[in-house]
Amino acid sequence: MPLDRAAIKNTKSKPLDFAGWRDSVQDAAQLNGLANLSVVTDHHICPQNILLDLRNKAVDASSDGYLINVGTYAVNNAVIAPTPDPQARIEALMERILWAFGNVFPGAENVMRVDDPMDTGGWEAEGALPKALAYANQLKDLLVQVATTPSHVNWQELANHVNPQGPAMLKARKSILKWADAWATHPVYRIYIRLSKAETEDCRRNFDSFPGFGAWVHPRHEVLNLIANKLAIWEPTVTNSTGEDQRIAYRAMRDDINQSCFNGQNKCCDRWLEHHQAP
């Protein structure tokens, strides 16, 4: 019986063990002193839309024989959980590829990030995670390799790369766990930014975190303060207006912050005016 390729390509769900990865990242941040890491968003280093496109091109380029074979290989090498159904096997491998732990680090809410990476094609900046970035780049390259030259060997190499206990994956996971707390927020406004290793170590030594804040409270961060100063100027105008006047005020605030803080890039969100709640 032929494989259902539409179902294979439409597979976007998370592996059942993904929740355990999110918990591990949160626990690692606590060990570094961060009271409560926000894990609202699963941030893909290589963007999910790129992975999905390349993964499905690899499926299109491959015969059923290649797909059935790699599904069997994935079961035999503990990449996926055992199942006798060839269709279920390849769909489980599709989940592993899209949600490879080494390519995903849970963190702050996307809409509240001041460093949204969409202007870089969606790729997350290196920040404190060079090893995870290297893993993500290799994942992309392996998908391109399979899509360009499908073979049993190339599919098996890709399966090994997304094995939760494989050497490449473990190196990337260790990096993410070591720097899981590489997030900062402003003490007043609930805006977030990713940190470098040096910035993270500075936060660990000098700053506090409070329950519910979800990141290091960084009162000296230059970018956060630049934006927060603008928000403080605009906040009375926005909050003291209603209806169409308030919509105009929000638009003017966004335009001002985009021009003065982001060289005209469209990054500012109305929700950046939200305050942290008292712990």
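The values are calculated or read from the model by the stated rules, or taken from the named source; none is laboratory data. All values derive from a computational prediction rather than experimental measurement. Positions of Cβ are generated from backbone atoms using ideal geometry, with glycine treated the same way; all protein chains shown enter the neighbour counts. Calculation scope for accessible area: heavy atoms of the full protein, side chains included, ligands and nucleic acids excluded. Shrake-Rupley method; radii C 1.70, N 1.55, O 1.52, S 1.80 Å.
A few remarks follow.
- Residue selected from the range 75-128 under the condition outside any helix (DSSP H, G or I) and among the aromatic types (Phe, Trp, Tyr), by the criterion most open to solvent (accessible area, probe 1.4 Å): Trp123
- The residue of the range 54-74 that is farthest from Pro15 (Cα to Cα), among those that are open to solvent by 40 Å² or more (accessible area, probe 1.4 Å) and either in contact with a His (Cβ under 7 Å, 6 or more places away or on another chain) or assigned to a loop (DSSP other than H, G, I, E, B) (or both), is Ser63.
- Of the residues screened, Gln156 is one that is open to solvent by less than 60 Å² (accessible area, probe 1.4 Å) and under 22 Å from Asn77 (Cα atoms).
A quick yes/no check of all residues on (1) open to solvent by 50 Å² or more (accessible area, probe 1.4 Å); (2) over 15 Å from the mean Cα position of the chain (by Cα); (3) closer than 20 Å to Ala136 by Cα; (4) touching a residue at least 40 places away in the same chain (Cβ under 8 Å):
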residue: Leu3; (1), (2), (3), (4): no, yes, no, yes
residue: Asn36; (1), (2), (3), (4): yes, yes, no, yes
residue: Asp42; (1), (2), (3), (4): no, no, yes, yes
residue: Ile45; (1), (2), (3), (4): no, no, yes, yes
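- Take the conditions (1) touching a residue at least 40 places away in the same chain (Cβ under 8 Å); (2) farther than 22 Å from Gly122 by Cβ; (3) open to solvent by 40 Å² or more (accessible area, probe 1.4 Å); (4) not aromatic (Phe, Trp, Tyr); Lys12 misses just one of them, which is (2).
- Qualifying position, being open to solvent by less than 10 Å² (accessible area, probe 1.4 Å) and either among the basic types (Lys, Arg) or modelled with pLDDT of 95 or more (or both), among Leu170, Leu224: Leu224
- Test: residue in the range 242-249 that is part of a helix (DSSP H, G or I), over 23 Å from the mean Cα position of the chain (by Cα) and among the hydroxyl-bearing types (Ser, Thr, Tyr): no
- From Gln165, Gln265, residue being modelled with pLDDT of 95 or more and surrounded by fewer than 21 Cβ atoms within 10 Å (Cβ to Cβ): Gln165
- Condition met for Ser260 (of a type in the set (Ser, Thr, Tyr) and not in a helix (DSSP H, G or I)): no
- Residue in the range 265-279 that is without any contact (Cβ under 8 Å) to a residue 12 or more places away in the chain, within 22 Å of Asn32 (Cα to Cα) and out of contact with any Pro (no Cβ under 9 Å at 6 or more places or on another chain) present: no
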